[in-house]
Structures are given as C-alpha cells and as structure tokens.
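Novice: First, the structure itself, so that you have it in front of you.
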Amino acid sequence: MNVLLKSAKIVNAQSKDLHLKKRDILIQNGTLAKIASKIDAPKGTKIVELKNLHVSLGWFDSSVCFGEPGYEERETILNGLRTASLSGFTDIVLNPNTHPIADSSSDIVFLKNASRDSATDLFPLGTMTMGAEGIDLAELYDMSNAGAVGFYDFKSPIENSNLLKIALQYVQNFNGLIYSEPLDTKIAGKGLVHEGTTSTKLGLKGIPSMAEELQIVRDLFILEYTGGKLHIPTISTANSVKLIADAKKKGLDVTCSVAIHNLYYTDQVLEEFDTAFKVNPPLRDKKDAKALIKGLNDGIIDFVTTDHTPLNIELKAVEFDNATYGSIGLESAFGLLHKIFDTEKCIELLTHGKERYGLTETVLAEGNKACLTLFDPDKEYTFEKDNIHSTSKNSMTIGESLKGKVYGIFNNDQLVLN
C-alpha cells in the first residue's frame, strides 16, 4: 500500500532533525520511503490530508482485555484490535481474561493466529499458573516459545510466596517476565473502594492502601532473593511509587504500570454510586493521584495503560456492591492523558516500553517499517457513547471533556482511519 501523509507534524524526540517539524511522509509497501518538506505523490498513491495532523511512532498499551475465546459478546479479537487501531494503538499486550484461559501453548497460538491480519499487533500474556488458580505453574516455557511475552494470573494475586519465588527462578532460563498482582486479599477483605473519607461517608467497605503496599513489599523482597524480571501492574498508591523507586535504586529488575483513570479520577466520583467507576485497583485520593503523576514524570513508573476491560451490561447495571470491576479505556486514552500531560510527554509515555517484552522498538527514519499513529492534539470534544468502537460500552469517561483526537494508525501496511 502506498500512502502520502501531507504536512504532518512529527512528534518524536529521538529524531532531533525531525522532532516538531512539518514534513510530508511517503510510505511505500509498508516502509517509510521518504520524509521531506514537500513530496509529489507518485501515481497510485493515496494522499492523506487531515486538519492539524500530527504523527508519532505507534502507541503501545501493556494491559488490554478482549473477550474471545469464551466471552465474544464482550469483545472479539478482530473488533478489539480494530478499536485499538482507531484509538491510536499499533501494539497491545493482551491479558489472559478469557474462557478457556490462556494457560497452554495452544491457547497462545490461537490468539496469535486470530490476530494475524490486523493492523494492530497483539502480544499475548499466558497465565502464570494452571487455570490462574495459583496452585501449579502453567506451561511457561512452551507458552514463551509459542509467543507469550509474559505470565500473569490476571487480577489474581499470587498468595503462595514460594510459587512466586519458583516462577521468578524458572523463567530466568529463557528471560521470561513474571507479573504479580499487587493486592493482599486478607487485608483487602470484602472492600469495594479505596478506604478513606469517601468510603466512610458512603458506607462502602474500603480497601486500605496497605493491601497493595504489603504485597509489593513481599514481591520485591522475593525478587531481591531470586533475581529475574518482575512486572507489577497498575499500582495506585503514593507509597507504592516510593517502594518501587527504592527497589530500582537497589538495581532490582522491576517495572510497573499505572492505569490512566487512576491518574485522572479520584474516589470522590463515587458519590453517585456509578458502577462505571468501580475498578481494580480502586480509584484512590488526590494525594495518590498526584504521586502517581510525579512517578511518571520522574521515570519511576514505566508504563501508562488503559487497563481496557470490556464487560457485559448486566455485570455493571446492578447494585454497586454486586457490580464487576473494570472499565474500557482505549478510545478515551489519549484525550484523557492529554488533560494531564503536554503533547510531548503524552507521546513519550505512549510510545516506549516494548523492549520490556522483548519486542523491537521502531525507529522513525527512512527505510524502516512504517508504524505510526496519526492524531490532532488540540481537538477538544465531549466523549460520548458514539465515540466508543468497543462492543461493550462500560466506560467511566462518558460525558467527560477531552483534549486530543486520534485519526488512526498506519501499521502492517494498513491504514486505519476514523
């Protein structure tokens, strides 16, 4: 496919001669053929001219759920990847949140094959334990050979400390990445939301910050003993940031992520008992959100993620106590993040991190693969249901004023535009 992007402002701090410059970009057969001030379109080339067009390297999301296999009514792989494309993401890491759950090499092969022809690349996680039950290790080596980029019992804490120890030791033989959910279930108990002033006022059982932090302390202690690679997904408290900062100073090989909604929203939005805001980890208070933002600015937190979790309407349209945790977030990710950070910082956060998963980082230069996100950072609009491409509509961002609109992506020799 041959495409000419006209007058695109390039946002790529690694390419100092191109950064924040307006250029025409000629893509031929999936490759960046030419980048120049003015390019005449060769015959048969599709010309793309869009208002206030900005271009960056393709965006990466380290925590996405769909539904297939087993929960296709929530989201199929193909529509999920189309949603990711239209939301600006060229690469996503898929959580094992399906039925059957991805705990064998054949499950990983299925996911890879189902996503083969999409513009957005899918990199699956396998479970760390069989059935994500926390008892016996799954086929980690076989899943790695089949294409799994890490191992995660999605949203299920590893309660057996020795099992985490063994997993971290075992995967060092093939440079594997272990996830550990930061939640001590005994401390969390039957909590539903952040334990604080809001939970007390609303009469909702709270989840103390300590429930997250105690688990992180344990995990980091085990990591210091075993070595290996550990990822702690979606942290949410100020002290969690400090604990991980101290671990990195020690030289431990640990990374962490934060959900974009935990940066923007606080537990104060729960006053209407809107189940759209019931997420795991819970929305914390202003102090925590501020510390998480600082953690990103300081480089302590490694990834922002949408933590995109499609759910059937009947799992949300119930009493708050009975509602399932989770919100979709792909479609609103950039517009929400851009209300917190400036454009350059947003792009920095959205375009790095693939090397943690053993994936090749793209370089924006002539002769390389075209892996690009197209967007307008200045477009302001109100996010509504019509902006949702996901099959499920469980978004906490509906009705929110956002800044920054995604046009689409070019990747795998495919142009996908809204």
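Novice: In segment 225-303, what trypsin sites (Lys or Arg not before Pro) fall in a loop by DSSP, with at most 11 other Cβ atoms inside 10 Å?
Specialist: K250
Novice: Moving to a separate point now. Within the chain, which is the longest segment that contains none of the GluC sites (Glu not before Pro) sitting in a DSSP loop with at most 10 other Cβ atoms within 10 Å?
Specialist: In the chain, the maximal stretch lacking such sites is 50-318.
Novice: Multiply the residue separation of N297 and K16 by 0.36 nm, subtract the distance between their alpha-carbon atoms, and state the gained length in nm to one decimal.
Specialist: This chain segment gains 99.1 nm when fully extended.
Novice: Solvent-accessible area per residue for segment 1-153 at a 1.4 Å probe radius, Å²?
Specialist: The answer is 40 Å² per residue.
Novice: Between A317 and Q172, what is the label-point separation in nm under the 7 Å Cα-to-beta-carbon projection?
Specialist: 5.3
Novice: Heavy atoms only, probe 1.4 Å: what % of the accessible area of segment 277-418 goes to carbon and sulfur, would you let me know?
Specialist: Roughly 48 percent, rounded to a whole number.
Novice: Just to confirm, what accessible area per residue do you get for segment 337-397 at 1.4 Å probe, in whole Å²?
Specialist: Result: 43 Å² per residue.
Novice: Same structure, new question: Segment 165-232: which chymotrypsin sites (Phe, Trp or Tyr not before Pro) are DSSP loop and have at most 12 other beta-carbon atoms within 10 angstrom?
Specialist: F174
Novice: When the accessible area of segment 58-131 is split by element with a 1.4 Å probe, what percent falls to carbon and sulfur?
Specialist: Looking at segment 58-131 in its full context, I get 52 percent from C and S.
Novice: Using semi-axes √(5λ) of the Cα gyration tensor in Å as the read-out, say which of (i) 35, 30, 20; (ii) 34, 25, 21; (iii) 31, 26, 21 was calculated from these coordinates.
Specialist: Of the listed options (i) 35, 30, 20; (ii) 34, 25, 21; (iii) 31, 26, 21, (ii) comes from this structure.
Novice: Lys and Arg at +1, Asp and Glu at -1: add these up for the other residues within a Cβ distance under 11 Å of K22 and post the number.
Specialist: Once positives and negatives cancel, what remains is +4.
Novice: Report the local net charge at S199: Lys and Arg +1, Asp and Glu -1, summed over other residues whose C-beta lies under 9 Å from its C-beta.
Specialist: Residues near S199 contribute 0 overall.
Novice: Return an integer: the convex hull volume of the alpha-carbon atoms of segment 243-366, in Å³ per residue.
Specialist: Once divided by residue count, the hull of segment 243-366 is 148 Å³.
Novice: To continue, here is another question. In segment 148-193, carbon and sulfur make up what percent of the accessible area (probe 1.4 Å)?
Specialist: With neighbouring chains kept in place, the figure for segment 148-193 is 48 percent.
Novice: Taking Rh as the Kirkwood radius, which is the inverse of the mean 1/r over Cα pairs, what is the Rg/Rh value for segment 219-294?
Specialist: Result for segment 219-294 is an Rg/Rh of 1.06.
Novice: On average, how much accessible surface per residue is there in segment 159-241, in Å², for a 1.4 Å probe, leaving out ligands, DNA and RNA?
Specialist: Counting only protein heavy atoms, the per-residue value for segment 159-241 is 42 Å².
Novice: Just subtract the alpha-carbon distance of V269 and K242 from 0.36 nm times their residue separation and send over the number in nm, one decimal.
Specialist: Full extension from V269 to K242 adds 7.1 nm.
Novice: Here's something else I'd like to know. Lys and Arg at +1, Asp and Glu at -1: add these up for the other residues within a Cβ distance under 11 Å of I187 and post the number.
Specialist: -3
Novice: Relative contact order of segment 127-286, please, whole-number percent, based on alpha carbon pairs below 8 angstrom and at least 6 residues apart.
Specialist: Relative contact order here is 20 percent.
Novice: Now for a separate question. Restricting to DSSP H runs of at least four residues, report the calculated mean residue ellipticity at 222 nm for the chain, -39500 (n - 2.57) per run over all residues, nearest 500 deg cm²/dmol.
Specialist: Roughly -7500 deg cm²/dmol at 222 nm, from the helical runs in the chain.
Novice: Going through the DSSP H helices of the chain, which span 24 Å or more along their own axis at the Cα atoms while scoring at least -1.0 as a mean Kyte-Doolittle hydropathy?
Specialist: Result, helices passing both filters: 209-226.
The values are calculated or read from the model by the stated rules, or taken from the named source; none is laboratory data. All of these numbers come straight from a predicted model, not from anything done at the bench. Don't worry about glycine lacking a Cβ; one is built from the backbone with ideal geometry, like all the others, and counts go over all protein chains shown. When the accessible area is computed, the model is the full protein with side chains, heavy atoms only, and any ligands, DNA or RNA have been set aside. Shrake-Rupley method; radii C 1.70, N 1.55, O 1.52, S 1.80 Å.
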